[in-house]
Amino acid sequence: MAIVSIDGISLEISIALVDELEVGDSVLVHVGYALAKIDPTEAERTLELLQELGSAGERRS
C-alpha cells in the first residue's frame, strides 16, 4: 500500500501491480490501484487536462 496525492487529495492505493516504485514516482491510478509507472511530465499534462475537463463540465451545469 502507498499514499498518493492527486490534485491535493491524499489517497491510499495498492501498488501490488507495479514493480520497483520509489517515493516520488508518478503512477497511473484507477479504482485504488497503481496500474503503471508514468513519466512525471506526462502525469502533469494528464492532471492539467483533467482539470480543464472538470472546469468545462462545471460551466455547462
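All of the numbers you see were taken from the coordinates with simple rules; none came from a lab. Bear in mind that the values here come from a model prediction, so they are computed numbers and not experimental data. Positions of Cβ are backbone-derived with ideal geometry, glycine not excepted, and every protein chain shown enters the neighbour counts.
Structure notes:
- Of the residues 49, 3, 29, the one whose Cα sits farthest towards the positive end of the charge dipole of the chain is 49 (charges of +1 on Lys and Arg Cβ, -1 on Asp and Glu Cβ, taken about the Cα centre).
- With both labels modelled 7 Å from their Cα along Cα-to-Cβ, the residue 56 to residue 36 distance reads 2.2 nm.
- A convex hull fitted around the alpha carbon atoms of the chain yields 88 Å³ per residue.
- Least to most buried among 6, 13, 38 (fewest other Cβ within 10 Å first): 6, 38, 13
- Residues 14, 26, 5, sorted so that the one with the fewest Cβ neighbours within 10 Å comes first: 5, 14, 26
- Here's how it looks for residue 18: its modeled amide H is under 5 Å from none belonging to a residue 5 or more places away or on a different chain.
- Here the chain is treated with +1 on each Lys and Arg Cβ and -1 on each Asp and Glu Cβ, and its dipole about the Cα centre works out to around 340 debye.
- One decimal place: the segment residue 19-residue 4 gains 3.8 nm when fully extended, by the rule 0.36 nm per residue minus the C-alpha distance.
- Residues whose amide H falls under 5 Å from that of residue 35, counting only those 5 or more places apart or on a different chain, are 28, 29, 30, with hydrogens built in the peptide plane.
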